[in-house]
Amino acid sequence: MQYLGRARIASLKMNKSKRPSPQTHLGAWICHELHPSRLIVTLTAGMLSGVLIMIYSISIATLIFSGQLAPFISVGFGLVFLSTIVIAPLVAFTNSLPGVIAGPQDAPAIVLAIMASEIVSQFPNNASASLPTVIMSIALTTVLVGGVFFLLGTFQLGSLIRCVPYPVIGGFLAGTGYLFIQGAFNVMTDQSLGWLQAPFLLQPAVLIRWVPGLGVALALLICLRRNNNPLIMPSIFAGFTALFYLVLGVTQTSIESARQVGLLMAAFPEGGVWPPLNGSILNQVDWRLIVGQSGHIATTVLLSVVLLLLTVSGIELVTRQEVDLNQELRSAGLANLIVGLSGGTVGFHSLSISTLNCVRIGVKSRLVGVLVTLLCWLTWVGGDRLIALFPKPLLGGVLLYLGLSFLVEWVYHAWFRLSKAEYAIVTLIFFTIATVGFLPGVCMGLLASICRFAIRSL
């Protein structure tokens, strides 16, 4: 059996050079960080990271608050941006590697979206009545994720990820990719992807809502696999947005008309994005429905633990510096506990944006997390009108790109690097997640791995 720990040990070439000791004098540290030669690079990394985190955050919010919850999208933005504002600086100053960026996570958001959809379905004629229960279920899940993170780190259990069979993780991520694609179509068309929905999705009025998003996803997928330049992603985002509004201008389509056909999000209600959680909604929560979502909550916790440890291991590989897994768990755990108590969503380290900072731009400064926080805070308190101008095909395209990248990595490339038995486990988990659910898929994969190991041991 191939294990993640074995693959990681085989491929990781640690930088054995001694780490610089932490600054013991605050004034000296500030002077070091604010030196012009270093500050310019830090500001560049902070702006790029902030824009990317904002786009990811908007995509996550529209993913969770779609369908019947779409009229309450401002609530979603409030929850997700709150997560960034709290998690980014806390992780930046408490983790073991400067330059690492943390924020809301898309994979756990997939399960949160399913959970929110099932809760709101219990209020068929009054979606607003479901809002307190949806918010509390998200908050409770985030608190549990934070608690599990913190306990694992406190009891030095971060190395558990080394024991998870590699094909199980691969199937897990492949299934996540499929759900990303479903979520992307839900964001762009308010309809999930499936054979039964094909006639609807192929209507001309609907094609213009998701085909541009597919173009964004394919452009990101092709360009980022051919070139790792950190400017590619923001350039594609900026280019698509400019092209989108150029087409609206040429065709003399107003903003309101674009919003009515589903190309832009609905205008925000007065008051902007939603503020943090408050005790006034506790009496409106249907706790019975939250208990009924215990399977999805457990799945989110399991998914978050696996993905955080995978992400941290990936950061180790790309930076060639050893990272303290247990410290990262404690750091992310504390951040999620605080966010959850405020009503925010699950968040932790971002592999792509951390790689952008530490490797592509080459800045390892904890101030980058502060700049990301500042940019998201400004958007949170006064940028709701700006958010409403983000094209929905762009937001869906980001989710679609994430899903396709997972499938390319774990369904296509895995065929060439895994044994037939291992690839069969990946496929089994993938199809089980796609047809039944996350938790059954992972359990099925673990069971298949145990059976394979037992047979080989005979």
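The values are calculated or read from the model by the stated rules, or taken from the named source; none is laboratory data. Computed from a predicted model, the values in this text were never measured in an experiment. Virtual Cβ from ideal backbone geometry, glycine too; neighbours counted across all protein chains shown.
For the range 280-299, state whether one or more residues are surrounded by fewer than 23 Cβ atoms within 10 Å (Cβ to Cβ), within 30 Å of residue 233 (Cα to Cα) and modelled with pLDDT of 80 or more. Within the range 280-299, not a single residue is surrounded by fewer than 23 Cβ atoms within 10 Å (Cβ to Cβ), within 30 Å of residue 233 (Cα to Cα) and modelled with pLDDT of 80 or more.
Given the criteria surrounded by 17 or more Cβ atoms within 10 Å (Cβ to Cβ) and over 30 Å from residue 417 (Cβ atoms), does residue 240 qualify?
Here the answer is yes, as residue 240 does meet what is asked.
Take the residues in the range 65-76 that are within 19 Å of the chain's Cα centre (by Cα) and of a type outside the set (A, V, I, L, M), then tell me which one is farthest from residue 370 (Cα to Cα). Of everything passing the filter in the range 65-76, 66 is farthest from residue 370 (Cα to Cα).
Residue by residue, here is whether (1) surrounded by 14 or more Cβ atoms within 10 Å (Cβ to Cβ); (2) among the aliphatic types (A, V, I, L, M); (3) within 21 Å of residue 260 (Cα to Cα) holds:
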| site | (1), (2), (3) |
| --- | --- |
| 193 | yes, yes, no |
| 201 | yes, yes, yes |
| 212 | yes, no, yes |
| 216 | yes, yes, no |
| 224 | yes, yes, no |
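Taking the condition at pLDDT 90 or above, surrounded by 14 or more Cβ atoms within 10 Å (Cβ to Cβ) and of a type in the set (A, V, I, L, M, F, W, C), does residue 310 pass? Step through it out loud before you land on a result.
Details: at pLDDT 90 or above: no; surrounded by 14 or more Cβ atoms within 10 Å (Cβ to Cβ): yes; of a type in the set (A, V, I, L, M, F, W, C): yes.
No; evaluated as a whole, the condition is false for this residue.
In the range 252-261, the residue that is surrounded by the fewest Cβ atoms within 10 Å (Cβ to Cβ) out of those that are outside any helix (DSSP H, G or I) and without any contact (Cβ under 8 Å) to a residue 24 or more places away in the chain is 252.
Identify all residues within the range 219-251 that are in a helix (DSSP H, G or I) and farther than 23 Å from residue 354 by Cα; write none if there are none.
First pass over the range 219-251, keeping only residues in a helix (DSSP H, G or I): 219-226, 232-250.
239, 240, 241, 242, 243, 244, 245, 246, 247, 248, 249, 250, listed by residue number.
Residues being assigned to a loop (DSSP other than H, G, I, E, B) and surrounded by fewer than 24 Cβ atoms within 10 Å (Cβ to Cβ): count how many of those fall in the range 90-107. I'd like the intermediate steps shown before the answer.
Quick first cut of the range 90-107, residues assigned to a loop (DSSP other than H, G, I, E, B) only: 95-101, 105.
Checking which are surrounded by fewer than 24 Cβ atoms within 10 Å (Cβ to Cβ) leaves us with 96-98.
The number of residues fulfilling the criteria is 3.
The single residue among 445, 369, 437 that is modelled with pLDDT under 90, buried (at least 24 other Cβ atoms within 10 Å of the Cβ) and under 18 Å from residue 179 (Cα atoms) turns out to be 445. Sub-6 Å Cβ pairs linking a first residue in the range 348-364 that is within 30 Å of residue 141 (Cβ to Cβ) to a second residue that is modelled with pLDDT under 70 and assigned to a loop (DSSP other than H, G, I, E, B), at least 6 apart or interchain, are 356/230, ordered by first then second residue. Sort through 87, 119, 110, 114 and tell me the only one that's under 22 Å from residue 379 (Cα atoms) and either of a type in the set (D, E, K, R) or assigned to a helix (DSSP H, G or I) (or both). The match here is 87.
Looking at residue 43, is it touching a strand residue (DSSP E or B) at 6+ places or on another chain (Cβ under 9 Å) and not in a loop (DSSP other than H, G, I, E, B)? Explain how you work it out, then say what you get.
Values: touching a strand residue (DSSP E or B) at 6+ places or on another chain (Cβ under 9 Å): no; not in a loop (DSSP other than H, G, I, E, B): yes.
It is false that residue 43 is touching a strand residue (DSSP E or B) at 6+ places or on another chain (Cβ under 9 Å) and not in a loop (DSSP other than H, G, I, E, B).
Residues that are modelled with pLDDT of 85 or more and either more than 15 Å from the chain's Cα centre (by Cα) or polar (S, T, N, Q) (or both) were ranked within the range 45-64; the one that is nearest to residue 132 (Cα to Cα) is 62. Between residues in the range 317-336 that are surrounded by fewer than 18 Cβ atoms within 10 Å (Cβ to Cβ) and residues that are of a type in the set (Gly, Ala, Ser) and outside any helix (DSSP H, G or I), which pairs lie under 7 Å by C-beta distance while being six or more apart or on different chains? From the range 317-336, the pairs are 324/96; 327/96.
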